[in-house]
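Since the structure comes first, as structure tokens, the remarks are kept for the end.
Derivation of every value follows stated rules applied to the coordinates shown; laboratory data play no part. Since this is a predicted model, take the numbers as computed values, not measurements. Neighbour counts run over all protein chains shown; Cβ positions are idealised from the backbone, glycine included.
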Amino acid sequence: MEMKRKLLNRILLLCFAVIIISACKKESTGSSSVYLPVVEGYLMPGQALSIKLYQQKSLTDTAKYGAAISGMQVYVSDGSTKVQLSESPKGTYTYSDQGFLAEGKTYTLQFNYLTYAVSAKTVMPGKPTNFATQYGSVTLSSTTTTDPNTSNTTIDKLTWDNPDSLNHVLVFYNKNGADFPLSSFGGNRPANFELNTNRASYYNLTQATFPYYGHYTVTLLRVNQEFIDLIKSNTSNSTSQNLTNIPTNVVNGYGIFTAMQSDTLSFNLL
């Protein structure tokens, strides 16, 4: 259970910048849009259902989130059962029954905010199967790391079942952080990162994949299209002119309400 909780925290941190951009006020839309709430919800079996609600904030606001939206009556339905979430802490709404989240079910979020009926819908995907690595550990020589011609040479291959070409994302968490950079590549890239597998059933890891040596936890996420749309939205180049293009699956709101399942393995780059 603790591992799943840490995994969810890592995923949220990696998606954090995207959500923050969507939380900024949309300067070029109609005046009513600045009052729409921001939703942040990632559903995973084995975790308590948790939804964060907060207000939009201006681009110059340095706070991580806009002000929490408190006092809402927030409901989630799985198609047969509708439950009301409890608020704790302020702006975070949860439902503690972990058996509520199950594969194949469609979950619908609903609440009223000001004059708006806010809603979102997502489907819980199946758990990834047969996630494996060709090598558990790879050692790079100093000659290899200083030769740019070897940067795109495959050093390991991750594989999993995907006969239906479903969406998968790989999340890399470096337990050593940024302590041991590769000598020639990496620059200022973050130690933890995610990769879209583009509906494939494998991913070739190269030296260029990694900015740092270290002991990695590699998580394969089976995700829905709304999650892929969000991480592909190129938010690092967003401005006040194109913030309206940030994708969202929330009706009368911004942000994301999505579901995912995962499997995890270890990989050491020495």
Please arrange F180, F267 by counting, for each residue, the other beta carbons lying within 10 Å of its beta carbon, fewest first.
F180, F267
Vicinal HN-Hα couplings computed from phi for the stretch 34-43 (Karplus, 6.51 cos²θ - 1.76 cosθ + 1.60; Hz; Gly/Pro x)
6, 9, 6, x, 10, 10, 9, x, 10, 9
May I ask you to sort K127, K52 by Cβ crowding, counting other Cβ atoms within 10 Å and putting the fewest first?
K127, K52
Distance cut-off 27 Å, Cα to Cα: go down the list K82/K232; K57/K105; K57/K175; K52/K82 and report the pairs above it.
K82/K232; K57/K105; K57/K175
Between the modelled labels at D164 and N130 (7 Å from Cα along Cα→Cβ) the distance in nm is 1.6 nm
